[in-house]
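What follows is a short report on a single structure.
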Amino acid sequence: QVQLVESGGGLVQAGGSLRLSCAASGRTSSYAMGWFRQAPGKERDFVAAINWSGSHTDYAESVQGRFTISRDNAKNTVYLQMNSLKPEDTAVYYCAASRYSLITTLGPEYDYWGQGTQVTVSS
């Protein structure tokens with residue numbers, strides 16, 4: 001069983017940066033990992049994903065060039081570096097793990113989810 005715990009969320013002004021972390025209990029080094037977000041009243045959307053080795057990444061168009069996903073398999077941790085934040089980035093951010101080793105952008109293909117961390121960007 002894999003448990004995921006996100007941290008690093010908070011309140012930041014527009015243009016600022018945050019770094020989210022997702023610590024996994026259990027071995028996730030062979031899993032693809034992803035970040036999703038859900039704004040109030042909206043569906044949960046894909047943000048970024050990384051394959052098991054970290055050699056391939058994928059991003060939602062809305063965050064391309066501003067966000068960077070990375071992982072440290074020795075620490076069972078995945079990161080999301082968020083730069084040039086905008087008010088529309090405000091959401092609860094969720095970490096997810098997929099037993100598929102390849103990248104997937106589809107929520108149903110993820111097997112484990114964290115509880116989420118709130119990111120609020122003020123204008």
Test: residue in the stretch 52-60 that is surrounded by 19 or more Cβ atoms within 10 Å (Cβ to Cβ) and at pLDDT below 95: yes
Residue that is nearest to Ser98 (Cα to Cα), among those in the stretch 6-18 that are open to solvent by less than 90 Å² (accessible area, probe 1.4 Å) and of a type in the set (A, V, I, L, M): Leu18
Selection from the stretch 91-106 of residues that are within 15 Å of Asp58 (Cα to Cα) and open to solvent by less than 40 Å² (accessible area, probe 1.4 Å): Cys95, Ala96, Ala97, Ser98, Thr104
Leading residue by the ranking (farthest from the chain's Cα centre (by Cα)) among those in the stretch 83-119 that are closer than 14 Å to Ala49 by Cα and among the hydrophobic types (A, V, I, L, M, F, W, C): Leu102
Test: residue in the stretch 80-90 that is over 16 Å from Val121 (Cα atoms) and open to solvent by 50 Å² or more (accessible area, probe 1.4 Å): no
Among (1) under 16 Å from Val63 (Cβ atoms); (2) open to solvent by 40 Å² or more (accessible area, probe 1.4 Å); (3) not hydrophobic (A, V, I, L, M, F, W, C) - the single one Glu109 does not satisfy: (1)
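Kindly state which strands (runs of 3 or more DSSP E) lie completely within the stretch 6-123 and contain at least 3 residues that are in contact with a Lys or Arg (Cβ under 7 Å, 6 or more places away or on another chain). Steps first, please.
Numbers: elements: 10-13, 18-25, 32-38, 44-50, 57-59, 67-72, 77-82, 91-98, 117-122.
Qualifying strands (runs of 3 or more DSSP E): 32-38, 44-50, 77-82, 91-98.
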Selected residue (criterion: surrounded by the fewest Cβ atoms within 10 Å (Cβ to Cβ)) from residues of the stretch 32-51 that are touching a Ser or Thr at 6+ places or on another chain (Cβ under 6 Å) and not small (Gly, Ala, Ser): Phe46
Selection count, the stretch 1-55, where residues are without any contact (Cβ under 8 Å) to a residue 12 or more places away in the chain and on the phi > 0 side of the Ramachandran plot: 1
Sole exception among (1) of a type in the set (A, V, I, L, M); (2) without any contact (Cβ under 8 Å) to a residue 40 or more places away in the chain; (3) surrounded by 14 or more Cβ atoms within 10 Å (Cβ to Cβ) for Ala74, by number: (3)
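Within the stretch 62-70, is there a residue that is modelled with pLDDT of 95 or more, open to solvent by less than 50 Å² (accessible area, probe 1.4 Å) and charged (D, E, K, R)? Write out each step before concluding.
First, the residues of the stretch 62-70 that are modelled with pLDDT of 95 or more: 62-70.
Adding the requirement that they be open to solvent by less than 50 Å² (accessible area, probe 1.4 Å) leaves 63, 66-67, 69-70.
After this cut, where a residue has to be charged (D, E, K, R) as well, the list is 66.
Scanning the stretch 62-70, I find at least one residue that is modelled with pLDDT of 95 or more, open to solvent by less than 50 Å² (accessible area, probe 1.4 Å) and charged (D, E, K, R), so the answer is yes.
The values are calculated or read from the model by the stated rules, or taken from the named source; none is laboratory data. Since the model is a prediction, treat every value here as computed from it, not as a measurement. So basically every Cβ, Gly included, is an ideal-geometry build from the backbone, and we count neighbours across all protein chains shown. For the accessible areas, the whole protein counts, side chains as well, though only heavy atoms, and no ligand, DNA or RNA atoms are used. Shrake-Rupley method; radii C 1.70, N 1.55, O 1.52, S 1.80 Å.
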